[in-house]
Amino acid sequence: MKKTFQYILLGALIGLSTSYIIITITLLLNPTRVMNGSDLLLGCILAISLGVGCGLMSLIFYLDRWPYGVKLGIHYIVILALVLICGKIGGWYENPVDQPISFILFIVLQFIIYLMIFAVVYWMDLRDIDSINKKLKRRKI
């Protein structure tokens with residue numbers, strides 16, 4: 001239960017920080033764009049929801065019965081589905097039929113963000129493993 005709460009909290013924080021970065025970049029690239037309070041509130045709710053969903057979905061990596069590649073593929077597909085649902089609600093992308101290039105760019109951006117977050121989490125896991133191994137070596141001596 002503790003690990004579930006940690007992943008929910010971490011996911012919500014990653015969702016909020018990623019959302020803030022994306023909103024900031026969007027507004028810097030288009031200084032005439034205006035976002036009102038309800039737009040920001042919706043973005044915040046969607047970011048938290050997406051982050052919590054991503055955090056919960058990350059618990060799949062604790063299952064031992066599937067190979068890592070299968071877990072990673074399932075994780076990515078579910079995260080993509082969550083992003084598409086939140087994106088539809090929040091108007092983050094154009095209609096794929098009307099603007100296929102814009103939609104493809106949205107998917108590419110989502111994939112890049114996924115890879116960046118995955119790399120950071122993977123690096124943190126490697127640090128934890130290294131720390132545990134060092135403590136085990138000290139204990140053996």
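The values are calculated or read from the model by the stated rules, or taken from the named source; none is laboratory data. Keep in mind that this is a model prediction, so the values were computed, not measured. All Cβ positions, even for glycine, are placed from backbone atoms using ideal geometry, and neighbour counts span all protein chains on display. When the accessible area is computed, the model is the full protein with side chains, heavy atoms only, and any ligands, DNA or RNA have been set aside. Shrake-Rupley method; radii C 1.70, N 1.55, O 1.52, S 1.80 Å.
The set of residues in the stretch 88-103 that are more than 16 Å from SER38 (Cα to Cα) and of a type outside the set (S, T, N, Q) comprises LYS88, TYR93, GLU94, PRO96, VAL97, ASP98, PRO100, ILE101, PHE103. Applying the selection to the stretch 64-97, what residues are open to solvent by 100 Å² or more (accessible area, probe 1.4 Å), at pLDDT below 85 and in a helix (DSSP H, G or I)? TYR68 - this is the single residue of the stretch 64-97 that is open to solvent by 100 Å² or more (accessible area, probe 1.4 Å), at pLDDT below 85 and in a helix (DSSP H, G or I). Across the stretch 115-132, the qualifying residues are those that are modelled with pLDDT of 85 or more and open to solvent by less than 70 Å² (accessible area, probe 1.4 Å), and the one among them that is nearest to the chain's Cα centre (by Cα) is ALA119. Might you let me know whether the stretch 50-57 holds any residue that is in contact with a helix residue (DSSP H, G or I) (Cβ under 8 Å, 6 or more places away or on another chain), within 22 Å of SER19 (Cβ to Cβ) and assigned to a loop (DSSP other than H, G, I, E, B)? Scanning the stretch 50-57, I find no residue that is in contact with a helix residue (DSSP H, G or I) (Cβ under 8 Å, 6 or more places away or on another chain), within 22 Å of SER19 (Cβ to Cβ) and assigned to a loop (DSSP other than H, G, I, E, B), so the answer is no.
If the condition is being of a type in the set (Gly, Ala, Ser) and surrounded by 12 or more Cβ atoms within 10 Å (Cβ to Cβ), then the stretch 36-48 contributes GLY43, ALA47. The residues of the stretch 98-113 that are surrounded by 11 or more Cβ atoms within 10 Å (Cβ to Cβ) and assigned to a helix (DSSP H, G or I), listed by number, are PRO100, SER102, PHE103, ILE104, LEU105, PHE106, ILE107, LEU109, GLN110, PHE111, ILE113. Taking the numbered list (1) in contact with a helix residue (DSSP H, G or I) (Cβ under 8 Å, 6 or more places away or on another chain); (2) closer than 20 Å to THR4 by Cα; (3) of a type in the set (D, E, K, R) in turn, GLU94 passes all entries but (2). Cβ-Cβ contacts under 9 Å between residues 6 or more apart (or on different chains), taken from a first residue in the stretch 10-35 that is over 13 Å from LEU46 (Cβ atoms) and open to solvent by less than 50 Å² (accessible area, probe 1.4 Å) to a second residue that is assigned to a helix (DSSP H, G or I) and aromatic (Phe, Trp, Tyr), are absent.
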